[in-house]
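This report refers to the structure that appears directly beneath it.
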Amino acid sequence: MATAREILTEVLDGIERVVRGCAEEDLRYHPTENATNSVAALVRHCCGSLDSWLARAVGEIFERDQDAEFRYEGDRLSLLAQIDAARSRAMGRVGALTGRDLSEILVVRRHSQERDIAVSRSWCLWHAIAHLAEHLGHMALTAQIARARRG
């Protein structure tokens, strides 16, 4: 679990750096009107996704409104608070996995595909981290485009 915590910390720190490095208006910037997400929406989505996958890994039920995550347009302080809260919950859930059989198969709902899938606790953990890292890249690129448009 130490490796998972280290990688999770690295990625969450990266997300926090992107948010801190953006001008306030850049947090809500969409590179294309209806086809891309703002940094704010991506942060909200990442917090929801991280909570959702790690909750499944430890056997908790976690309800979320994924569509609302992508409409979110919060400010820097609210985003940083969400990152801190998600970090705390994630570390607690990763800790709860210690000593558990990570190869145990769980049947969980894959919301993006609207179907149930059978995956291991380990898969839930590493998918949560990989998904977070993928969106960190999207956030960083969106922030770069937002800065460049202002000159």
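What follows draws every value from the coordinates through simple rules; no lab data is involved. If you're wondering where the values come from, they're calculated on a predicted model, not measured in any experiment. When we count neighbours, we look across all protein chains shown, and the Cβ atoms used for this are built from the backbone with ideal geometry, even at glycine.
For residue 9, the stated conditions hold: it is more than 12 Å from residue 142 (Cβ to Cβ), surrounded by 13 or more Cβ atoms within 10 Å (Cβ to Cβ) and β-branched (Val, Ile, Thr). Can you find, within region 64-105, the residue that is surrounded by the most Cβ atoms within 10 Å (Cβ to Cβ) among those that are of a type in the set (D, E, K, R) and outside any helix (DSSP H, G or I)? Per the stated criteria, the residue is 64. So which residues in region 106-129 are aliphatic (A, V, I, L, M) and surrounded by 13 or more Cβ atoms within 10 Å (Cβ to Cβ)? Selection gives 106, 108, 119, 125, 128, 129.
The residues of region 110-151 that are among the polar types (S, T, N, Q) and part of a helix (DSSP H, G or I), listed by number, are 112, 113, 122, 142, 144.
Cβ-Cβ distances below 7 Å connect the following pairs, each with a first residue in region 116-127 that is within 18 Å of residue 5 (Cα to Cα), a second residue that is aromatic (Phe, Trp, Tyr), and a separation of six or more residues or different chains: 124/53; 127/53.
Counting only residues that are in contact (Cβ under 8 Å) with a residue 24 or more places away in the chain and not in a helix (DSSP H, G or I), which one in region 31-63 is surrounded by the most Cβ atoms within 10 Å (Cβ to Cβ)? If we take residues in region 31-63 being in contact (Cβ under 8 Å) with a residue 24 or more places away in the chain and not in a helix (DSSP H, G or I), then 38 is surrounded by the most Cβ atoms within 10 Å (Cβ to Cβ). It is to be established whether one or more residues within region 85-103 are free of Cβ contacts under 8 Å to residues at least 24 places away in the same chain, of a type in the set (A, V, I, L, M) and in contact with a helix residue (DSSP H, G or I) (Cβ under 8 Å, 6 or more places away or on another chain). Scanning region 85-103 turns up at least one residue that is free of Cβ contacts under 8 Å to residues at least 24 places away in the same chain, of a type in the set (A, V, I, L, M) and in contact with a helix residue (DSSP H, G or I) (Cβ under 8 Å, 6 or more places away or on another chain). Figure legend. Inter-residue proximity from region 131-142: first residues touching a residue at least 40 places away in the same chain (Cβ under 8 Å), second residues of a type outside the set (A, V, I, L, M) and assigned to a helix (DSSP H, G or I), beta-carbon distance below 6 Å, spacing 6+ or different chains. Indicated pairs: 131/49; 132/46; 135/46; 136/14. Residues of region 1-30 that are touching a residue at least 60 places away in the same chain (Cβ under 8 Å) and among the hydrophobic types (A, V, I, L, M, F, W, C): 1, 4, 7, 8, 11, 12, 15, 18, 19, 22, 23.
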